[in-house]
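The values are calculated or read from the model by the stated rules, or taken from the named source; none is laboratory data. The model shown is predicted, which means the values in this text are computed figures rather than measured ones. When we count neighbours, we look across all protein chains shown, and the Cβ atoms used for this are built from the backbone with ideal geometry, even at glycine. Just so you know, the surface numbers come from the protein's heavy atoms only, side chains and all, with ligands and any DNA or RNA stripped out. Shrake-Rupley method; radii C 1.70, N 1.55, O 1.52, S 1.80 Å.
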Amino acid sequence: MKRYVLALWLICLSVGVNADREVDSMQTALIDSLQQELQEMKLNEIVLQHALDKRGESERADSIAQANMRHRIDSLRNVTPGVPLVVGEDTLLFIHASIGGQSPEVRVSNMKYKIEQLGKSLKLTTDSIFVFEGEYFTYIMCGEIELMRVSNLDGLWNNMDRHELAQKNLKIISQKINELHEEYGLIAKLRGFGWAILLIIIQVLLFLLTARFIRHLRERIMSGLGGKLKPIIIRGYEFLNVHQSKRILLVLTRILQVLLVIVQLIISLPLLFSIFPETEKFTWKMISYVWNPLEDMVISFVHYFPHLVKIIVILYVLNALLRLIRYYANEITKGNIKIEGFYADWAQPTYQVIRIFIIAFSLIVIWPLLPGSESGIFKGVSIFVAALFSLGSTTTIGNLISGLIITYMRPFLVGDFVRIGDSEGIVVEKNAFITRLRDIKDNIITVPNNSILSMQTINYSAATRNSQGTIVHSDFTFTYKVPRQTIEKYLLEAADRCSLLLKEPRPFVLVTMLEDFYSRYEINGYTMESHRLFAVYSELHKNILDVFREHDLEPTSSHFVSVKENK
């Protein structure tokens with residue numbers, strides 16, 4: 001305003017000078033200078049006004065741009081939840097905006113790493129965490145470490161100024177760092193080592209107590225439990241004597257000791273690992289090694305329980321049916337039940353055949369109810385086992401079928417003296433697959449049932465089941481010079497001396513052949529000692545030799561043949 005007044009005064013003065021025309025040259029120059037200064041002032045005013053107008057337009061544009069950006073952020077807020085900063089199990093805050101080419105994910109990852117490193121350090125001063133205000137960003141610092149950088153865009157996402165947002169995040173981050181330090185700090189480590197040492201001492205004491213208990217238990221077992229340990233007798237058969245019972249109990253004590261140690265380790269090791277946060281994850285992993293299989297087993301058992309009930313019912317019914325059939329088989333074997341045309345010795349083999357068919361039927365019914373029966377591995381193993389059985393059991397099946405045929409043909413019974421091919425002896429065992437003989441030297445001869453059907457079988461004991469017995473005979477040849485009556489007399493005399501031959505029916509002599517130079521005689525006698533034929537023949541031959549020597553009579557030639565005759 002003063003400048004305008006001075007300008008008006010100068011103008012008036014110049015007007016006065018012009019009017020007066022008596023102003024000297026110095027006043028004229030001064031007036032020109034003042035006019036020039038006035039023009040410059042007007043020009044500066046115009047420039048300043050233009051600058052003010054331009055700044056107002058920029059501020060209005062910034063305000064409009066910021067309003068537009070806030071509107072866009074508000075529209076994105078519902079569809080863009082942001083990247084959470086999760087430390088431990090706590091979600092501290094959300095990051096939405098990128099800064100300096102770093103995506104929200106990268107910012108969150110860097111912040112999480114720095115917070116965890118500071119929180120898990122042994123020493124920490126929380127007073128060193130502060131907010132630093134920059135020109136374009138607000139920083140949350142811990143000493144010289146930058147924990148977080150807050151921009152204006154972060155403030156817009158949270159509807160607050162960036163400085164306010166930095167102060168809010170400072171409290172959250174400081175609290176979390178303090179919590180981590182209390183869990184991972186030096187004091188927590190020392191406290192954890194103390195608990196670990198105490199737990200180890202307790203576990204060692206438990207090991208010693210377990211060993212002492214097992215040792216005391218073994219001493220009690222070795223002493224016979226104070227005389228209470230008795231032999232186990234089932235239906236008159238000593239199933240286990242005292243010494244065998246002690247050995248079994250000692251083995252069980254070893255198993256008990258191992259189980260107790262395993263149970264203690266299952267409890268103590270997870271507790272030991274749970275003391276320190278760094279190893280706490282191993283605790284749940286070790287517990288899962290035990291718990292997950294148990295959980296799976298329980299769930300599988302619950303789902304499988306209806307099928308299990310069906311299997312139990314099927315097995316119970318079939319077992320009752322087998323017991324009923326076995327009862328009638330035993331009664332037929334004992335002779336309490338008689339069926340026309342059905343021999344008593346057929347009862348047990350028939351029961352075994354029926355038993356095999358019932359077991360096969362039960363397997364067919366139960367097989368689809370077994371766990372895993374629908375899996376490909378189960379089916380593959382089943383096919384492999386079936387193929388292996390069919391390829392490797394051809395001979396076995398043949399012997400089994402032959403055993404059934406022999407059973408129902410009844411060519412011999414257990415205890416009969418038989419000849420099967422070149423083998424001769426007493427039948428001591430006859431089962432579905434093989435037949436065993438005991439010869440005169442007490443050797444056991446095993447003959448497959450499949451080969452019995454293709455060989456000649458002679459049963460010397462079959463005739464002993466009637467009153468006549470088995471015929472034994474020997475052949476002798478004499479020249480025609482010796483009268484037939486004399487030879488028959490001496491042979492019958494030798495037969496009468498045999499204590500193993502029956503007196504009734506009487507022995508008899510047959511003239512079997514007339515050769516060119518001699519005739520053939522055969523002495524025959526009956527005996528009930530079919531299982532001792534070797535002794536019968538030996539006694540008969542001895543007596544014949546003695547009688548012939550007594551009467552000074554010698555056969556032309558002799559050989560002895562044993563054949564079965566049924567009369």
Seminar exercise, completed: For the range 444-449, in residue order, the Karplus 3J(HN,Hα) values (coefficients 6.51, -1.76, 1.60; θ = phi - 60°; whole Hz; Gly and Pro = x) are 9, 10, 9, 10, x, 4
Seminar exercise, completed: Heavy-atom accessible area of Thr512, protein chains in place, probe 1.4 angstrom, given in Å² to nearest 10, is 60
Seminar exercise, completed: Of the accessible area of the range 432-515, computed with a 1.4 Å probe and all protein chains kept, carbon and sulfur make up a percent value of 54
Exercise. Any idea of the accessible area per residue across the range 144-216, 1.4 Å probe, to the nearest Å²?
Worked result: 62
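As a test of reading the structure, rank Arg520, Arg506 by solvent-accessible area (1.4 Å probe, protein chains only), most first.
Details: Arg520 40, Arg506 115 Å².
Largest accessible area first, the residues go Arg506, Arg520.
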Seminar exercise, completed: With R₀ set to 60 angstrom, the calculated FRET efficiency between the beta-carbons of Ile145 and Tyr316, to the nearest 0.05, is 0.20
Seminar exercise, completed: Between Leu252 and Tyr304, the two model label points (7 Å from Cα along the beta-carbon direction) sit apart by a distance in nm of 2.7
Problem set entry | Rounded accessible area per residue of the range 431-546, 1.4 Å, Å² | 51
Problem set entry | Label-point gap, in nm, between Asn178 and Thr446 - each point 7 angstrom along Cα→Cβ | 8.7
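Within the set Lys120/Lys171; Lys168/Lys285; Lys171/Lys281; Lys441/Lys542, which residue pairs have Cα atoms separated by over 27 Å? Intermediate values should be presented prior to the final figure.
Values: Lys120/Lys171 18 Å; Lys168/Lys285 38 Å; Lys171/Lys281 29 Å; Lys441/Lys542 20 Å.
Cα-Cα > 27 Å for Lys168/Lys285; Lys171/Lys281; rest within.
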Problem set entry | Rounded percent of accessible protein surface that carbon and sulfur make up, the range 157-307, 1.4 Å probe | 70
For this session: Quick one: which residues, 5 or more positions from Tyr521 or on another chain, have an amide H under 5 Å from its amide H? H modelled 1.01 Å from N in the peptide plane, none for Pro or chain starts.
Result: Phe476, Thr477, Phe478, Thr512
